[in-house]
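In what follows, a single structure is set out as structure tokens and then discussed.
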Amino acid sequence: RCLLNPHFTVLLLLFDIDGTLTDTEADDARLFRQALCDVVEGGEPEVGPRESYAEATNAAMVRTILGQLLGRPAREIEVMAVHGRYVELWSKAVESGEIVIRPVPGAPEILAAARRREDVVTAVYSGSWLQDAGIKLAIGGFDLDELAVATCDDSERLSGIMNTAGIYAQAAAGVPGFSDTVVVGDGVWDAKAARAIGAGMVGRAEDPERAAALRRAGAAAVVGDFNDIEGFWNAVETARRAPRSQAGN
């Protein structure tokens, strides 16, 4: 995992993609289910809410769902079949105009601003796979040049993906370590993984109930979008200073 150095003042800032940088969470869930249905012959996969799974990454969820349906551990070729179909569905939906990928308001600008700061090193992560993550970011208007990205191709554990994103960012920036890590995400699974790596958490939610759930899960602050630049950096600082073992207020 990336080196934490309390004597070094650079912050590692990790942004989730679906539901945080891009408004793609609902489409992602629909195409994920469709990919499973297309691959599984003669079966009806039961797909629960992402927070109901022990590991909320696409690869881990596919293994769990296929295992329950087939009554045995899923084979790697079966997981890869769902992966391939899912990416194919995303590509076709975007090309046909069925899905229009939109960034969360202010997200491309805040990510660009974070990458310009000398006291911040930035990376993005996703519980999905690299191919669709790249599609969402590129079409969503984000600058991918030298951007550190980690996905479930790197680890099937979300905490492992976050750690890998930090390692990639650290190597790209050439820094000896980070004083703190702050995760920006929209799911309670993001908050759970942030706690696992000892990171602070800024939630992203417009719905009051979801915002409350994020705070209960450990988010020290919650933003609705990224249009308020000063408000976002205040939220990051709040998360940076919050006790790691306690949920936010």
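Residues in segment 44-90 that are exposed (fewer than 13 other Cβ atoms within 10 Å of the Cβ) and more than 27 Å from ALA191 (Cα to Cα): GLU44, GLY71, ARG72, PRO73, ARG75, GLU76, ILE77.
Here is the figure for segment 141-158: residues that are in contact with a Pro (Cβ under 9 Å, 6 or more places away or on another chain) and surrounded by fewer than 19 Cβ atoms within 10 Å (Cβ to Cβ) total 2.
The conditions of being acidic (Asp, Glu) and touching an Asp or Glu at 6+ places or on another chain (Cβ under 7 Å) are not met by GLU88. When GLY48 is tested against (1) touching a strand residue (DSSP E or B) at 6+ places or on another chain (Cβ under 9 Å); (2) not in a helix (DSSP H, G or I), only condition (1) is not met.
In segment 232-247, the residues that are closer than 18 Å to GLY185 by Cβ never reach a residue that is among the hydroxyl-bearing types (Ser, Thr, Tyr) and modelled with pLDDT of 95 or more with C-beta atoms less than 8 angstrom apart, at least six apart or across chains.
Condition check: touching a residue at least 40 places away in the same chain (Cβ under 8 Å) and within 24 Å of VAL188 (Cα to Cα). Does ARG30 satisfy that? Can you show your working first?
Details: touching a residue at least 40 places away in the same chain (Cβ under 8 Å): no; within 24 Å of VAL188 (Cα to Cα): yes.
So ARG30 does not fit the description; no.
Just to be sure, is ASP132 assigned by TED's automatic domain parsing to the domain that holds GLY231, among the charged types (D, E, K, R), crowded, with 16+ Cβ neighbours inside 10 Å and touching a Ser or Thr at 6+ places or on another chain (Cβ under 9 Å)?
yes
The values are calculated or read from the model by the stated rules, or taken from the named source; none is laboratory data. Here the structure is a predicted model, which means the values were calculated and not measured. Positions of Cβ are generated from backbone atoms using ideal geometry, with glycine treated the same way; all protein chains shown enter the neighbour counts.
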